[in-house]
Each structure stands twice: as C-alpha cells, then as structure tokens.
Amino acid sequence: MKVASYLVGGTPAYGVVRGDGVVTVSHKLGKQYPSLGAILRAGALHRIATAAAGETPDVKVKDLTFLPVVWDPEKILLVGLNYEAHRIETGRDKTEHPSIFARFNSAQVGHNQPMLRPKVSERLDFEGELALVIGRRGRYIPRAEALDYVAGYACYNDGSVRDWQRHTTQFTPGKNFPKTGGFGPYLVTPDEVGEVQNLDLETRLNGQVVQKTNTADMTYTVAHCIEYISSFTELVPGDVISTGTPSGVGAARKPPLWMKAGDVVEVEIGKVGLLRNPIADE
C-alpha cells in the first residue's frame with residue numbers, strides 16, 4: 001500500500017495511491033484520525049486500506065498539493081555519515097556507533113513543494129536518503145526484530161545549509177532552516193518494498209546524476225539504526241528516521257555544487273518512489 005498526505009481545500013488529508021490517482025479516506029476517518037500520524041499512533045493503519053476498499057480514485061496524483069508524508073511526528077531523527085565513501089569525502093573520523101541528529105517539523109516540505117535556500121547562506125546542499133516511519137511503540141528493540149516496527153518507507157532529501165552546519169561540531173543549525181528538506185512522496189508499506197538493504201538510490205540535480213548507491217552499502221543497516229536509536233529514546237508510531245546519504249554531496253565537489261533558485265532536485269529509490277522538489281529563495 002502507498003499512502004499520501006496532502007491538502008484538500010487547505011485542510012490536511014490522506015489517501016491510498018492507486019495508479020495515477022488517490023482514494024481519499026480522511027473524510028471517513030478524519031474525525032477520529034485527523035492525520036496519517038494520528039492513525040499510526042492509534043495502531044490503526046489497516047483502517048486506511050479498509051476505508052479505501054472498493055472505492056475509485058477521487059483525485060489525480062498530479063493535482064495533489066503534497067504534505068510531508070507524516071507532517072506531525074513526535075520525532076524526526078537522522079543518521080549521519082552512514083555510507084563510508086560519504087564519511088571519507090567529509091573528512092570526518094570513523095565512529096563506533098551511528099551519528100544521530102534531529103530535524104524539526106518546520107524544516108521539511110512535501111513532494112513537489114519548494115525547498116528554500118535561506119537568505120543568510122548560498123550553501124544549500126542535497127542529501128538523498130531512505131527514510132522509514134515507525135509503526136509500533138518500542139524501547140530497546142532487538143536488531144533481529146527491528147524491521148517489524150516499521151510502518152513504511154519514503155524518500156528523504158536532508159537539505160543541508162553547509163556553512164551553518166560547520167559553525168561548530170553540532171549539525172543542528174545547518175539542518176533546521178525552515179523548509180530546507182523534502183519528505184515523500186508516499187509512505188510505502190514494507191510488503192511492497194521488500195529487501196530494504198538492496199534498494200538503488202539516486203539523486204539528480206537538474207536531471208544530472210549527483211549521487212548513486214545501493215542501500216546494501218550502508219555502514220549501519222536500517223535494523224541496526226532502529227536498535228541503537230531505541231536504546232536512548234522510546235520510538236513511537238509516526239516517528240521518522242532517515243538513514244543517511246551516500247557520497248557525491250555538493251560540498252565535497254571541486255568546485256562545490258550548491259543548489260540555487262530555479263533548480264530541481266530529485267531523490268529516487270527503487271520500490272519506494274521519486275521525491276521531487278524545486279529550489280526557491282527564502
């Protein structure tokens with residue numbers, strides 16, 4: 001199942017994607033579950049499929065105003081330096097454990113929505129990543145069981161304002177300017193994705209491939225990341241974890257390649273989808 005979050009008449013909605021259309025179900029479930037995050041937190045994701053059964057699409061995908069897949073999570077956590085070639089190109093030291101940082105809800109936008117280059121920097125960089133959404137509450141989750149806690153997967157662009165990221169050793173400022181990251185287009189359930197450690201990932205800037213990898217190349221697997229993160233915080237349904245970017249980022253190129261107004265960046269992951277965002281100035 002593929003589920004999208006979007007606006008209908010300015011009001012958040014969600015529905016099941018079928019071909020080039022979407023069956024909106026939030027008008028049936030929204031009073032009790034006003035968002036995809038709410039239905040996940042209630043452990044009721046199956047109700048979306050039930051509500052869509054036998055219904056025909058009521059809106060075309062091309063006409064949607066997308067929201068971030070889960071626009072109201074409790075937590076958005078990201079893994080840094082999770083591909084060895086990327087760690088090397090950044091010049092950072094190896095670590096014994098995953099490097100974890102956080103993004104705010106305000107720092108992300110949905111599919112086809114503009115990512116904003118802030119007025120205090122010209123160094124907005126792309127980072128194509130695989131994200132997951134937690135579907136079950138858990139703490140100290142064993143690695144062998146970790147994937148059972150995943151509700152679904154999506155594409156993520158961890159847009160980074162590099163000069164602000166490098167002000168200190170902490171990533172937070174460079175990762176949290178408003179609307180600098182992309183998240184979408186859909187929540188794709190694990191049964192459709194299959195083997196999560198064998199997915200091709202490609203980032204394109206204005207049609208040119210700038211990052212290309214397979215999730216098999218992660219230093220820390222998806223399951224490892226869930227195990228580690230759930231050791232220091234309780235994961236709850238709707239939480240988002242983005243699992244790191246491969247090499248090829250703009251900051252590591254000579255000369256650097258920064259995104260600017262008018263550019264279009266795409267993150268495509270096999271069986272998960274294609275996230276597209278234009279770039280605009282704040």
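The values are calculated or read from the model by the stated rules, or taken from the named source; none is laboratory data. Bear in mind that the values here come from a model prediction, so they are computed numbers and not experimental data. Using ideal geometry, Cβ is built from the backbone for each residue, glycine included, and neighbour counts are taken over all protein chains shown.
Brief remarks on what is shown
- Residue list for the range 246-256, restricted to those being crowded, with 18+ Cβ neighbours inside 10 Å and aliphatic (A, V, I, L, M): Val249, Ala251
- Subset of the range 230-245 that is crowded, with 22+ Cβ neighbours inside 10 Å and of a type in the set (Val, Ile, Thr) - its residue that is farthest from Ala144 (Cα to Cα): Thr245
- Failed condition for Tyr228, given (1) more than 22 Å from Arg92 (Cα to Cα); (2) touching a strand residue (DSSP E or B) at 6+ places or on another chain (Cβ under 8 Å); (3) in contact (Cβ under 8 Å) with a residue 60 or more places away in the chain: (1)
- A Cβ distance below 6 Å, combined with a sequence gap of six or more or placement on separate chains, defines the contacts here; from the range 249-274, residues that are assigned to a loop (DSSP other than H, G, I, E, B) and at pLDDT 95 or above reach residues that are surrounded by fewer than 18 Cβ atoms within 10 Å (Cβ to Cβ) and of a type in the set (S, T, N, Q) in the pairs Asp263/Asn206.
- Residue within the range 222-237 that is under 19 Å from Lys175 (Cα atoms) and assigned to a strand (DSSP E or B) present: no
- Filter result (of a type in the set (D, E, K, R) and in contact (Cβ under 8 Å) with a residue 40 or more places away in the chain) within the range 18-57: Asp20, Arg41
- Checking each residue in the range 81-97 for being more than 19 Å from Arg253 (Cβ to Cβ) and either buried (at least 22 other Cβ atoms within 10 Å of the Cβ) or in contact with a His (Cβ under 7 Å, 6 or more places away or on another chain) (or both) picks out only Asn82.
- Of all the listed residues (Lys179, Lys212), the sole one being under 15 Å from the mean Cα position of the chain (by Cα) and among the basic types (Lys, Arg) is Lys179.
- Looking across the range 129-183, the residues that are within 25 Å of Asp263 (Cβ to Cβ), of a type in the set (Phe, Trp, Tyr) and touching a strand residue (DSSP E or B) at 6+ places or on another chain (Cβ under 9 Å) come down to Tyr156, Phe171, Phe177, Phe183.
- Condition check for Gln211 on (1) of a type in the set (S, T, N, Q); (2) under 15 Å from Ser242 (Cα atoms); (3) buried (at least 20 other Cβ atoms within 10 Å of the Cβ): one failure, at (2).
A quick yes/no check of all residues on (1) farther than 22 Å from Arg41 by Cα; (2) at pLDDT 95 or above; (3) touching a Lys or Arg at 6+ places or on another chain (Cβ under 6 Å); (4) surrounded by fewer than 24 Cβ atoms within 10 Å (Cβ to Cβ):
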site: Pro118; (1), (2), (3), (4): yes, yes, no, yes
site: Glu127; (1), (2), (3), (4): yes, yes, no, no
site: Gly135; (1), (2), (3), (4): no, yes, no, yes
site: Leu147; (1), (2), (3), (4): no, yes, no, yes
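- Residues of the range 1-47 classified as under 24 Å from Lys271 (Cα atoms), assigned to a helix (DSSP H, G or I) and within 21 Å of the chain's Cα centre (by Cα), total: 4
- Tabulated pairs, the range 233-246, first closer than 17 Å to Arg139 by Cβ, second of a type in the set (Lys, Arg), C-beta under 6 angstrom, 6+ apart or interchain: Glu234/Arg139; Val236/Arg137; Pro237/Arg41; Gly238/Arg41; Asp239/Lys75
- Cβ-Cβ under 6 Å pairs, at least 6 apart or on other chains, the range 154-178 side farther than 15 Å from Arg123 by Cα, far side surrounded by fewer than 24 Cβ atoms within 10 Å (Cβ to Cβ): Cys155/Gly273
- Filter result for Glu192 (farther than 24 Å from Thr95 by Cβ and either assigned to a strand (DSSP E or B) or of a type in the set (Ser, Thr, Tyr) (or both)): no
- Residue match in the range 112-124 (condition: under 30 Å from Glu227 (Cα atoms) and assigned by TED's automatic domain parsing to the domain that holds Asn198): no
- Total residues in the range 63-97, condition out of contact with any Pro (no Cβ under 8 Å at 6 or more places or on another chain), on the phi < 0 side of the Ramachandran plot and assigned to a loop (DSSP other than H, G, I, E, B): 13
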